[in-house]
Every structure is written in structure tokens, then in C-alpha cells.
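To start, the structure itself, in C-alpha cells.
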Amino acid sequence: MLIAIPGLLDAQCVASIRGLIDDAQWIDGNATSGPQSALAKNNLQLPETAPQAREAGQLILDALGRSPLFIAAALPLKIFPPLFNSYSGGQAFGTHVDNAVRIQAGSGFRVRSDLSITVFLEDCDAYEGGELVVETQFGVQQVKLPAGDAVLYPSSSLHRVEPITAGRRVASFFWIQSMVRDDQARQTLFDLDSSIQVLAAERSHGDAQVIRLTGIYHNLLRRWADA
Ligand code: NI
């Protein structure tokens with residue numbers, strides 16, 4: 001399932017990130033591709049080791065850490081340092097699946113890609129085309145969100161970025177290893193947590209049934225999580 005995270009970054013944070021990355025040295029996006037996705041990929045990317053990518057990436061990681069929606073939806077164990085890409089002038093990324101394991105250049109830090117995330121860093125009306133298209137079990141979904149919004153989707157899904165026909169699309173993308181590997185189990189926990197939050201707001205966090213359901217949530221998490 002796709003989960004949007006509206007307003008992950010505020011306008012000031014987006015501007016700070018763009019200020020860091022816009023004048024950096026962009027390279028051919030195939031630097032990080034596996035051999036299959038290299039065939040499909042046509043974009044620009046900041047090198048993983050670029051200091052601007054590290055600094056801008058930290059702003060995104062900080063925002064994720066402050067987002068209850070991200071934490072509830074992803075149940076993150078490890079997060080790959082954010083990468084940045086740019087599409088313009090007809091560039092696109094054809095249908096592909098993300099590599100199962102990502103290894104950070106230099107450090108050897110490894111992340112199993114359970115979830116992929118795109119953080120949009122350009123206003124929708126500043127470019128044409130460039131939709132993220134994800135093939136899910138419920139059909140094909142197209143995503144194009146305002147600057148500062150993010151979308152989470154299963155890394156196992158086939159997905160693509162449609163050609164840019166005008167303007168420039170700048171985004172951050174990376175992968176999350178979840179404490180809960182199984183998509184269905186993670187979704188069940190997210191649904192349960194969402195209902196508990198609604199119920200707790202209606203009754204109170206001290207309500208007996210809210211406490212019981214919270215216990216069930218944690219007992220399921222204990223069963224399913226690797227920490
Ligand atoms: Ni991808």
C-alpha cells in the first residue's frame with residue numbers, strides 16, 4: 001500500500017535543502033543502479049558521498065524522526081542515507097524494481113529495502129509529467145505531491161517515473177528496513193494503531209478498552225518485530 005506523509009518538511013526546510021543541493025555537482029543517476037534498473041534510468045543524481053547530500057539528508061532524517069505517521073507506518077529499523085535526484089528535458093525512469101539490499105558506498109552500511117520513500121522537493125506546478133507510478137495489488141497508482149510531502153511504498157513493487165515534459169523535478173529517495181519485514185503484518189499494525197489513536201482521542205488514553213487494544217498492538221509487534 002502507498003502511504004502519503006503530507007508536510008513532512010515545511011517550506012523553510014525544503015528551501016534549506018534546495019539551497020544546499022541545487023548548486024552541487026550532479027552526476028549521471030546510473031551511479032547507484034543495479035544492472036537491470038540502469039537500462040531504465042535516465043536522470044541526474046547527487047553522489048552519495050557529496051557533503052551537500054549528507055547535510056540535506058540529515059534534515060530529512062530529522063523530520064522523519066519527528067513524524068508519528070512515518071514511524072507508525074514504517075516501523076523503521078534502519079534508514080539508508082537520503083539520496084537526491086533530478087529529472088528534466090524528457091528524462092524518466094522506466095519500470096523497475098528496487099534492489100533488495102542497498103550497501104552504502106564507503107561505510108558498508110547495509111539496508112534491506114522493505115519500503116521505498118520519495119520526498120518531493122519541487123512544487124507540482126513547476127513541472128509537467130514526472131509522476132511516480134506504482135503498480136500495487138489494487139492497481140496502478142500515480143503520485144505527484146507538493147514540495148515537502150513524501151510517499152512510502154513497498155520496495156517490492158514495480159514502479160517508474162514518467163518522463164518530464166516541462167520544468168525540473170527534484171526529489172529525495174531512499175530505502176527503509178522495517179522492524180516488521182512482512183508488508184501485510186506491517187499494514188495490520190498500522191491500521192490497528194490508527195484506530196487506537198482515534199479511539200483514544202474519543203475516549204481517553206486511560207480508557208480500559210484503549211489500554212487493552214494498545215496491549216494487543218504491542219503483543220503483535222513483539223511477535224513480528226526484529227529489533
Ligand atoms: Ni526505484
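Between GLN187 and ILE103, the FRET efficiency estimated from the beta carbon spacing at R0 = 35 angstrom works out to 0.80.
Accessible area per residue (1.4 Å probe, heavy atoms of protein chains only) ranks LEU9, LEU44 as LEU44, LEU9, with the largest value leading.
Rolling a 1.4 Å probe over the protein chains gives ASP226 an accessible area of about 100 Å². Placing pseudo-labels 7 Å out from each Cα toward the beta carbon at ARG212 and PHE138 gives an inter-label distance of 2.9 nm. Backbone phi angles across the range 51-67, fed through the Karplus curve with coefficients 6.51, -1.76 and 1.60 (θ = phi - 60°), yield HN-Hα couplings of x, 5, 5, 4, 5, 5, x, 5, 4, 5, 4, 4, 5, 4, x, 9, 9 Hz in residue order; Gly and Pro are listed as x. Surface calculation, 1.4 Å probe, protein heavy atoms: HIS218 sits at approximately 90 Å² accessible. Loop sites by DSSP among the chymotrypsin sites (Phe, Trp or Tyr not before Pro) of the chain, restricted to those with at most 14 other Cβ atoms within 10 angstrom, leave 1-108 as the longest stretch without any of them. Counting only Cα atoms, the range 183-224 measures 30, 15, 9 Å along its principal axes, largest extent leading. The 3J(HN,Hα) values that the Karplus relation (6.51, -1.76, 1.60; θ = phi - 60°) gives for the range 116-121 are, in residue order, 9, 9, 10, 10, 7, 10 Hz. Gly and Pro appear as x. Per atom type, the chain shows carbon and sulfur on 53% of its accessible surface, probed at 1.4 Å.
Using R₀ = 35 Å, calculate the FRET efficiency as 1/(1 + (r/R₀)^6) where r is the Cβ-Cβ separation of ASP125 and SER156; round to 0.05. Efficiency, rounded to the nearest 0.05: 0.65.
Annotation: for a label point projected 7 angstrom from Cα along Cα→Cβ of SER194, residues of the range 1-20 with backbone N closer than 13 Å are 1-6. The 1.4 Å probe gives accessible areas that order VAL198, VAL170, largest first, as VAL198, VAL170. Using the Cβ of ARG160 as centre and a radius below 11 Å, the other residues enclosed give a net charge of -2, where K and R count +1 and D and E count -1. Straightening the chain between ALA15 and ARG110 buys 31.2 nm, computed as 0.36 nm per residue apart minus the Cα-Cα spacing. For the range 194-205, 3J(HN,Hα) computed residue by residue from phi via the Karplus equation (6.51, -1.76, 1.60; θ = phi - 60°) reads 4, 5, 4, 4, 5, 4, 5, 5, 6, 9, 5, 5 Hz, glycine and proline entered as x.
For GLY148, nonlocal amide neighbours, meaning residues 5 or more places apart or on other chains whose placed amide H falls under 5 Å from its own, are PHE120, LEU121, GLU122.
Taking amide H positions as modeled 1.01 Å from N, with prolines and chain starts lacking one, the residues under 5 Å from ASN43 and 5 or more places away or on another chain are GLY29, ASN30. The sum of -39500 (n - 2.57) across all DSSP H runs of n ≥ 4, divided by the residue count of the chain, sets its helix-only mean residue ellipticity at 222 nm to -10500 deg cm²/dmol. Net length available on complete extension from THR49 to ASP22 is 8.2 nm, with 0.36 nm assigned per residue and the Cα-Cα distance removed. Where a ≥ b ≥ c are the square roots of the eigenvalues of the C-alpha gyration tensor, would you call the range 8-130 rounded, which needs a/c under 1.5, or, failing that, prolate if a/b is larger than b/c, or oblate? Verdict is rounded for the range 8-130.
The values are calculated or read from the model by the stated rules, or taken from the named source; none is laboratory data. Fair warning: this is a prediction, and the values are worked out from it, not measured in the lab. Don't worry about glycine lacking a Cβ; one is built from the backbone with ideal geometry, like all the others, and counts go over all protein chains shown. The area values use the complete protein model at the heavy-atom level, side chains included, leaving out ligands, DNA and RNA. Shrake-Rupley method; radii C 1.70, N 1.55, O 1.52, S 1.80 Å.
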